[in-house]
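Okay, so here's the structure we're looking at.
The values are calculated or read from the model by the stated rules, or taken from the named source; none is laboratory data. This one's a predicted model, so the numbers in the text were calculated from it and none came from an experiment. Quick reminder, even Gly has a Cβ in these numbers, built from the backbone with ideal geometry, and neighbours come from all protein chains shown.
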Amino acid sequence: MKTRTTTAIAALAALGLAGAAQAEIRLGATLSETGPASFLGDPEAKTLEMLVEQINEEGGINGEQVELIMYDDGGDANKARTFATRLIEDDEVHAIIGGTTTGTTMAMVPMVESEEVPFISLAGAIVIVDPVKDYVFKTPHTDRMACQKIFEDMQGRDITQIGMISGTGGFGNSMREQCLDVVAEYGIEVLADERYGPRDADMTPQLTNIRNTDGVQAVLNPGFGQGPAIVTRNFSQLALEMPLYQSHGVASNSFIDLAGAEAAEGVRLPGTALLVGEGLPEDHPQREVVVNYKTAYEDTYDEPVSTFGGYAHDAMMILKDAIERAGSSDPQAIRDAIEQTEGLVGTTGIVNMTPEDHLGLDTDDFLMLEIRDGAWTLVD
């Protein structure tokens, strides 16, 4: 377990001066900084630390300093549940950001709902916000939206018959179900439906089955983590001459590194404006926010920004905006203000929450991206 408190107050406390500037706003987080989802959780944690430091240097929120109390759950749902309990009962936080994955998020939901603490998840599955829960919000597009964006792109390429190969983890299962639920609406038929486990190291047999299925024109791989990178490498090794689509669960440069630029060439997926950064048109409404965050993160940590850090950025900005508008750190007031978020420009899209929509994004906020020469590019 790793835990730390990030705040200007911590530095003062070390000097015995904490009484001069006690933090009034306590924000909690439990993220998967280590473990199989660390490529998601590590940039999320770094982003939150960076933003809290920036906010405090600029005078805090409504003149009050912010304290960030953060735990590393390692991707373990039981630990996430324990840390959520600790954040609420012991640390007495006013709001929580996390979990990194759908599994850790859903383990925390009963606690935040029963204790009435606003919670912004950084995970992808639609089940997090559908049905709507009073105190639960999220920043990434849902897996259902990813399916819809992919199928729209397939329609434009006259693809009507596909094969799927999905991970069996929480996200892979959920996205597979959502894709199967909406695929017929786009005039597309799934001819092959293969699965792989989180520890599988070779998906050649499943891909061979897809290759041997008559009529398949493209392959879709719902999943995240190392699995999609292995699928991509095996896909290239088998020389499958058809488009390969991945999910937004692997929308980062680390996916290209894991799969290899040559194998990943031509892979398409729905992603956020953050992945193309300065490549956005000058008049794009998200360009300033995206470039400012990207520059700050890369200057601070000397590593490329990722979509997943962007999810944490948006969660913090939603909370900051809500607390400013509420004029209070009372959890109920924060919850109500989050639900009224309107026109907030983030790295993932322009957020417009309602009582019926605790995500506030639509498929227009997704960009269809393709890997070309080892980099993310906007699909023409």
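Observations on the model:
- Of the strands (runs of 3 or more DSSP E) lying entirely inside region 206-273, the ones with 1 or more residues being crowded, with 20+ Cβ neighbours inside 10 Å, of a type in the set (Gly, Ala, Ser) and outside the structural domain of ALA37 (by TED's automatic domain parsing) are found at 218-221, 268-271.
- When the test is whether a residue is in a helix (DSSP H, G or I), assigned by TED's automatic domain parsing to the domain that holds MET242, among the hydrophobic types (A, V, I, L, M, F, W, C) and in contact with a Ser or Thr (Cβ under 6 Å, 6 or more places away or on another chain), ALA312 does not pass it.
- Search result, residues across region 140-160 that are under 21 Å from the mean Cα position of the chain (by Cα) and part of a helix (DSSP H, G or I): ASP143, ARG144, MET145, ALA146, CYS147, GLN148, LYS149, ILE150, PHE151
- When region 68-88 is filtered for residues that are surrounded by fewer than 24 Cβ atoms within 10 Å (Cβ to Cβ), outside any loop (DSSP other than H, G, I, E, B) and in contact (Cβ under 8 Å) with a residue 12 or more places away in the chain, the ones remaining, listed by number, are ILE69, ALA77, ASN78, LYS79, ARG81, THR85, ARG86, ILE88.
- Of all the criteria given as (1) assigned by TED's automatic domain parsing to the domain that holds PRO131; (2) out of contact with any Lys or Arg (no Cβ under 8 Å at 6 or more places or on another chain), the one not satisfied by HIS284 is (1).
- Taken over region 317-349, the criterion of being in contact with an Asp or Glu (Cβ under 8 Å, 6 or more places away or on another chain) and under 18 Å from GLU115 (Cβ atoms) is satisfied by SER329, PRO331, GLN332, ARG335.
- The set of residues from region 150-206 being farther than 17 Å from ALA218 by Cα, among the small types (Gly, Ala, Ser) and in contact with a Phe, Trp or Tyr (Cβ under 8 Å, 6 or more places away or on another chain) comprises GLY167, GLY169, GLY172.
- Only one of the numbered conditions (1) in a helix (DSSP H, G or I); (2) under 24 Å from ASP153 (Cα atoms); (3) of a type outside the set (D, E, K, R) is violated by GLN332, and that is (2).
- Residue satisfying all of: in region 209-251; β-branched (Val, Ile, Thr) and touching a strand residue (DSSP E or B) at 6+ places or on another chain (Cβ under 6 Å); nearest to GLU189 (Cα to Cα) among these: VAL216
- Selection over region 89-104 of residues that are in a loop (DSSP other than H, G, I, E, B) and surrounded by fewer than 21 Cβ atoms within 10 Å (Cβ to Cβ) gives a count of 3.
- Residue within region 355-376 that is on the phi < 0 side of the Ramachandran plot, in a helix (DSSP H, G or I) and surrounded by fewer than 16 Cβ atoms within 10 Å (Cβ to Cβ) present: yes
- Qualifying positions in region 105-139 - in contact with a strand residue (DSSP E or B) (Cβ under 7 Å, 6 or more places away or on another chain) and either of a type in the set (Ser, Thr, Tyr) or in a strand (DSSP E or B) (or both): THR105, PHE119, ILE120, SER121, TYR135, VAL136, PHE137, LYS138, THR139
- GLY163 being on the phi > 0 side of the Ramachandran plot, over 18 Å from the mean Cα position of the chain (by Cα) and modelled with pLDDT of 95 or more: no
- Complete set of residues in region 37-67 that are of a type in the set (A, V, I, L, M, F, W, C), in a helix (DSSP H, G or I) and at pLDDT below 95: PHE39, LEU40
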